[in-house]
Amino acid sequence: MSLVELDGVDKGYFSSGEATEVLKGLDLRAEKGEMLVIMGPSGSGKTTLLNLLGGIDVPDGGRVLIDGEEISSYSASRLNDFRRRKVGFIFQFYNLIPTLNAKENVELSLETVSRDRAANSARAEKYLELVGLKDKMRNFPQELSGGEQQRVAIARALAKEPVLVLADEPTGNLDGRREDSVMRMMKELQEGLGMTFFIVTHNHNLKKYSDRVLELDDGKLSGA
Ligand SMILES: Nc1ncnc2c1ncn2[C@@H]1O[C@H](COP(=O)(O)OP(=O)(O)O)[C@@H](O)[C@H]1O
Ligand SMILES: [Mg+2]
């Protein structure tokens with residue numbers, strides 16, 4: 001069984017009296033430990049797809065199976081639990097909690113999976129060091145640059161060591177050197193821990209790190 005199996009997934013939105021079909025019978029298979037890059041024009045449904053993969057939203061039709069769990073049939077509370085256990089999100093706009101410092105932001109996400117405070121503290125420090133923020137662990141988001149906040153968000157997603165990492169433009173605010181170091185770090189985790197990555201981007205540079213590039217167009221994926 002593949003780690004990710006999407007069969008005939010439909011998803012649309014209804015707003016101000018108008019229906020938009022975004023995903024139209026989308027099929028997808030991904031194996032454990034793959035790094036996939038998803039490209040596609042703005043508005044093609046990339047974020048919609050990540051939301052379905054991560055159990056943030058549910059499809060209108062079709063089936064979403066992740067790591068043996070048919071999440072498309074889950075209730076809201078089971079979806080919450082699934083997300084906590086198995087998914088790391090790197091959002092386009094970081095979503096850091098402004099009243100917590102960098103380390104506390106990472107620890108908070110770990111607390112949802114483990115109560116071992118000493119282990120969580122060590123894990124948070126390890127991942128903040130990996131993203132090059134050893135000296136800024138006590139800084140609050142507002143005391144960090146955009147690129148630094150992005151690295152905290154990356155550390156937060158990866159520190160849980162989830163089976164699935166979903167990233168929306170993860171290196172959008174990083175310079176070339178940082179981008180390379182962040183992508184190499186993700187590659188190492190992919191290889192070392194067998195994490196599976198879905199990376200949505202417009203940046204053709206990221207293709208070289210991926211195992212497969214998929215193009216989202218007219219509600220379906222195709223190999224690019
Ligand atoms: N919550 C929502 N309500 C209504 N329309 C939405 C919603 N989210 C996304 N859309 C629409 O669905 C389409 C796909 O959006 P999105 O998945 O964000 O695309 P992308 O990430 O590729 O830019 C767009 O036309 C967008 O306007
Ligand atoms: Mg988007």
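Being more than 25 Å from N205 (Cα to Cα), in a helix (DSSP H, G or I) and at pLDDT below 95 narrows it down to one of S121, S114, S109, so name that one. So that I can check it myself, show each step before the final result.
On the way: S121 fails: at pLDDT below 95; S114 fails: in a helix (DSSP H, G or I).
Exactly one residue qualifies, and that residue is S109.
Based on what the data block shows, is R63 within 21 Å of E161 (Cβ to Cβ), away from ligand 1 (no atom under 16 Å from the Cβ) and either open to solvent by 20 Å² or more (accessible area, probe 1.4 Å) or touching a residue at least 40 places away in the same chain (Cβ under 8 Å) (or both)? No: the conditions fail for R63. Scanning the stretch 1-25 for residues that are out of contact with any Gly (no Cβ under 6 Å at 6 or more places or on another chain), touching a residue at least 40 places away in the same chain (Cβ under 8 Å) and within 12 Å of ligand 1 (Cβ to nearest atom) turns up K11, G12. Screening the stretch 174-207 for residues that are under 22 Å from S44 (Cβ atoms) and open to solvent by 20 Å² or more (accessible area, probe 1.4 Å) and picking the one that is nearest to ligand 2 (Cβ to nearest atom) gives H202. When restricted to residues that are within 15 Å of ligand 1 (Cβ to nearest atom) and either among the β-branched types (V, I, T) or surrounded by 17 or more Cβ atoms within 10 Å (Cβ to Cβ) (or both), the stretch 208-219 contains 3. For the stretch 36-51, indicate whether the set of residues that are touching a residue at least 60 places away in the same chain (Cβ under 8 Å), away from ligand 1 (no atom under 13 Å from the Cβ) and in a strand (DSSP E or B) is non-empty. Taking every residue of the stretch 36-51 in turn, at least one turns out to be touching a residue at least 60 places away in the same chain (Cβ under 8 Å), away from ligand 1 (no atom under 13 Å from the Cβ) and in a strand (DSSP E or B). Against the criterion of being under 16 Å from the mean Cα position of the chain (by Cα), more than 16 Å from ligand 2 (Cβ to nearest atom) and over 16 Å from L216 (Cβ atoms), E34 qualifies. Scanning for something within 16 Å of ligand 1 (Cβ to nearest atom), among the hydroxyl-bearing types (S, T, Y), modelled with pLDDT under 95 and not in a strand (DSSP E or B), does the stretch 78-95 turn up at least one residue? Checked the stretch 78-95: no residue is within 16 Å of ligand 1 (Cβ to nearest atom), among the hydroxyl-bearing types (S, T, Y), modelled with pLDDT under 95 and not in a strand (DSSP E or B).
Candidates in the stretch 151-173 are the residues that are in contact with a Leu (Cβ under 8 Å, 6 or more places away or on another chain) and acidic (D, E); of these, the one that is least open to solvent (accessible area, probe 1.4 Å) is D168.
Within the stretch 53-76, does at least one residue satisfy the condition of being among the basic types (K, R), assigned to a strand (DSSP E or B) and within 16 Å of ligand 2 (Cβ to nearest atom)? No - not one qualifying residue is present in the stretch 53-76. In the stretch 1-35, which residues are of a type in the set (A, V, I, L, M, F, W, C) and in a strand (DSSP E or B)? Once the filter is applied, which keeps residues that are of a type in the set (A, V, I, L, M, F, W, C) and in a strand (DSSP E or B), the stretch 1-35 yields V4, L6, V9, F14, A19, V22, L23, L26, L28, A30, M35.
The values are calculated or read from the model by the stated rules, or taken from the named source; none is laboratory data. No experiment lies behind these values; they were computed from the predicted model shown. Positions of Cβ are backbone-derived with ideal geometry, glycine not excepted, and every protein chain shown enters the neighbour counts. Side chains are part of the model used for accessible areas, which takes the heavy atoms of the whole protein and leaves out ligands, DNA and RNA. Shrake-Rupley method; radii C 1.70, N 1.55, O 1.52, S 1.80 Å.
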